[in-house]
Amino acid sequence: MYTPESQQQYIDLSKKFLSLPADVKDLGLLRDVLIFHERKYYIEDNPLISDFEYDQLYKQLVALEEAHPDQITPDSPTQRVSTDLSGDFPPVQHTVPMLSLDNSYNEDDLNDFDAAVKKLCGLPSDMDIEYCVEPKFDGGSIALVYENDVLVRAATRGNGVMGEEMTPNAKTLPSIPLKAGFSSKGIIKAELRGEALIRKDNFDRINKEREKDGLTLFANPRNAATGGLRTKDANETRKRGLEAFIYQLAYAVDNNNTSVLPKLHSHIAGIDMLGELGFKIPKDEKSLCRNIAEVHHFVKYWENKRDTYPYEIDGMVVKVNDLVLQEKCGFTTHHPRWAIAFKFKAKQATSKLIGVEYQVGKIGSITPVAKIEPVYLAGVTVSSISLHNEEFITSKDLRLRDTVLVERAGDVIPYIVKSFPELRKGDEEVIKFPEFCPINDTEQQVKLIKEEGEAAWRCPDCVCGAQNLQKMIFHVSKDAMDIDGFGKSYVERFYDLCWIKDISDIYRLDYEQISGLEGFGKRSAENIKKAIDKAKNNPIQRLLHSLSIHHLGKKASKLIAEQISHVLDLCEWPVERYLEIKDIGPVVAENVKAWFSDPANIDMLRNMESYGVNLSQTEEDKPLHVSEDGVFYGKTILFTGTLQTMGRKEAEEMAAKAGARNISAISSNLNILVVGEKAGSKLKKAQDLGTVEILTEEEFLEKIGKE
Ligand code: IVH
């Protein structure tokens, strides 16, 4: 129906209207653009623009049609009654219509809404209105009817007036009570509104299972939820693990058929009452704001937090809290005038893949990076995106000049979700992964290799120094030698000046020379010296980790450091000696052995030692001797947060003396977590596990008799 060329034209037009709004002469074109996107979204289930972009275009059309009503045609998307009616389920009429929400995108829109509410209520413009703000859940809408405390009907939204009945499906959701004590509140019949959702982690699990079973994957939790509500097989609904959040008491009458809503006075009182009756309602994620300024604050707070929330939300809903004021505001045919959705910034957008560049890592892994036409995503402009490895490119069939869907969720680095093969015009090029090192700028070509079981191609024999640069950047980093203030930009600058060629050179920098560099001075050179001198005394577990030995992580470095008195002892270690250490496998063993068999590496370490870098085991490297008795005998323990009366090492020693084995991560193997000040995610994880004994610092000391 649409050719790749015409599809591209619609995308180009969409971009044009998004940056420069359409005027009346474009009205017909804008309408066609929206009809095109509706088809992609509703029929092909393959949207080419984000919901946010669609909403922006739709708003433009509404505004133009309002100004020029003579130009409204019957096929305009604005004339469509939105519906999810499929005809597969019995139609039912909602007790009161299920309307949509108007949208807002910024503070100005919210202020306009606040001003309009005051005007509708006949209140002065400087008066504060109380708003209830809650998540805009991104799932499938549901309407539940209870009569004499019993759930008698559940329906989807349908076209807002008529819904589709799916009571048997709804009855499989544990969060929907089959019976609830409405009569105790004087309510004989009630209709509740809410949203059925799938938790994000549950969604991942479902898709993994579907992948295993060879079924098509759901595009997002919303699709999995709405599909789950409208399946003919209630068992399938149950399997999806849907949860229903209730966000509105839409109708409630007593035995005289008189509405009890006025008695509740406020929206939030209605919701909290439903919570009391056993329904799942938004709790900390909803807030009663005293005025629109507090609303701004709360919606922004949630925009930043949205990715940590276990369910997908695409905005917040702002509702006038007072039910009398709500009534004064009234409704349009489309939405209540007392509520508005604040939509979060888009996480997804389309762009064009215009090039691929390659980066080398510290062990020579070659990472392809896509260059895309810049797009504005969730608050930042994105123009470069990692493509990870060759397999990523081939599995997604990404080609040069493809239109691609890009996503950026919160702190997560942006990634390419997919390409749109249907938009190809014929000039797209398959991306051919290079055979030879693409970073190397010398005459000598180096063929890339891929080791068994690894995803990345590697440059095995770097002749251009690019890997050394990456190794040095890692060496100074926080995770490795932690040379404070000596970041990537310093390493790059000193490398370009040929002052440092490998990591040993870092320890013989000429600080006089540094202080003479542009942008540096005596003070900054002194600071660098101080940080480097401090790092020279690091425990050898840090040094081992900082050497960029393939697969040798922090934990294995610590385990090896526990067993040696000097780093160069490892020159004598055969592979078997590493394998005697529990938790060290053959890959790490082979790699460390190979590294210590290379004379160039040994020379480098000797040089470092001569520049004052410590290669001998320190107190911190020594293993803790776990006592064979004591109050914690046989238990595992972990300290988190800042301890007040002792250092971390000291605490670990005390625990070991009391029989506990210190471990480094929260897992089901952990028995005791001791929490200091500002304990963060570890505490939360341990609480979620529910099997970990959580002790304060004082309780810990008390238990080991040190109080
Ligand atoms: S209130 C008359 N509150 O958003 C009141 N709706 O565009 C209208 N939605 O499909 C709805 N979370 O299912 C309201 N906290 C919330 C919501 C919410 C999600 C959905 C609703 C509807 C759409 C409206």
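Per-structure values
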{"read-out": "Within the stretch 225-236, tally of residues that are surrounded by fewer than 24 Cβ atoms within 10 Å (Cβ to Cβ) and either among the hydroxyl-bearing types (Ser, Thr, Tyr) or over 14 Å from Pro168 (Cα atoms) (or both)", "value": "3"}
{"read-out": "Selected residue (criterion: nearest to the ligand (Cβ to nearest atom)) from residues of the stretch 116-150 that are crowded, with 22+ Cβ neighbours inside 10 Å and over 19 Å from Asn223 (Cα atoms)", "value": "Glu134"}
{"read-out": "Selection count, the stretch 89-115, where residues are within 16 Å of the ligand (Cβ to nearest atom), more than 21 Å from Tyr54 (Cβ to Cβ) and surrounded by fewer than 18 Cβ atoms within 10 Å (Cβ to Cβ)", "value": "3"}
{"read-out": "Search result, residues across the stretch 151-168 that are within 14 Å of the ligand (Cβ to nearest atom) and open to solvent by 10 Å² or more (accessible area, probe 1.4 Å)", "value": "Arg157, Asn159, Val161"}
{"read-out": "Cross-chain or 6+ apart pairs with Cβ under 8 Å, the stretch 130-143 first and free of Cβ contacts under 8 Å to residues at least 40 places away in the same chain, then more than 8 Å from the ligand (Cβ to nearest atom) and of a type in the set (D, E, K, R)", "value": "none"}
{"read-out": "Looking only at the stretch 96-121, and only at residues there that are within 14 Å of Arg337 (Cβ to Cβ) and among the hydroxyl-bearing types (Ser, Thr, Tyr), the one that is modelled with the highest pLDDT", "value": "Ser104"}
{"read-out": "Yes/no for Ala244 being touching a residue at least 60 places away in the same chain (Cβ under 8 Å), within 15 Å of the ligand (Cβ to nearest atom), open to solvent by less than 30 Å² (accessible area, probe 1.4 Å) and part of a helix (DSSP H, G or I)", "value": "no"}
{"read-out": "Filtered residues of the stretch 335-357 (kept if part of a strand (DSSP E or B) and within 16 Å of the ligand (Cβ to nearest atom))", "value": "Pro336, Ala339, Ile340, Ala341, Phe342, Lys343"}
{"read-out": "Hits in the stretch 575-617 (condition: open to solvent by 20 Å² or more (accessible area, probe 1.4 Å), assigned to a loop (DSSP other than H, G, I, E, B) and modelled with pLDDT under 95)", "value": "Glu580, Lys582, Asp583, Gly585"}
{"read-out": "Conditions (1) over 27 Å from Leu615 (Cα atoms); (2) surrounded by fewer than 16 Cβ atoms within 10 Å (Cβ to Cβ): number failed by Asp479", "value": "(1)"}
{"read-out": "Residues being in contact (Cβ under 8 Å) with a residue 24 or more places away in the chain, open to solvent by 100 Å² or more (accessible area, probe 1.4 Å) and outside any strand (DSSP E or B) - total across the stretch 655-707", "value": "4"}
{"read-out": "Matching residues in the stretch 156-204 - criterion: being in a helix (DSSP H, G or I), over 17 Å from Ala250 (Cα atoms) and not β-branched (Val, Ile, Thr)", "value": "Pro168, Asn169, Ala170, Ser184, Lys200, Asp201, Asn202, Phe203, Asp204"}
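The rows are residues; the columns are (1) part of a helix (DSSP H, G or I); (2) open to solvent by less than 50 Å² (accessible area, probe 1.4 Å).
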| residue | (1), (2) |
| --- | --- |
| Val491 | yes, yes |
| Cys498 | no, no |
| Asp505 | yes, yes |
| Ala525 | yes, yes |
| Ala531 | yes, yes |
| Asn538 | no, yes |
| Leu543 | yes, yes |
| His550 | no, yes |
| Lys558 | yes, no |
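The values are calculated or read from the model by the stated rules, or taken from the named source; none is laboratory data. Treat the numbers as computed from the prediction; the structure is a model and nothing was measured. Reconstructed Cβ throughout: ideal geometry from the backbone, glycine too, with neighbour counts over all protein chains shown. Surface accessibility is based on the protein's heavy atoms, side chains included, excluding ligands, DNA and RNA. Shrake-Rupley method; radii C 1.70, N 1.55, O 1.52, S 1.80 Å.
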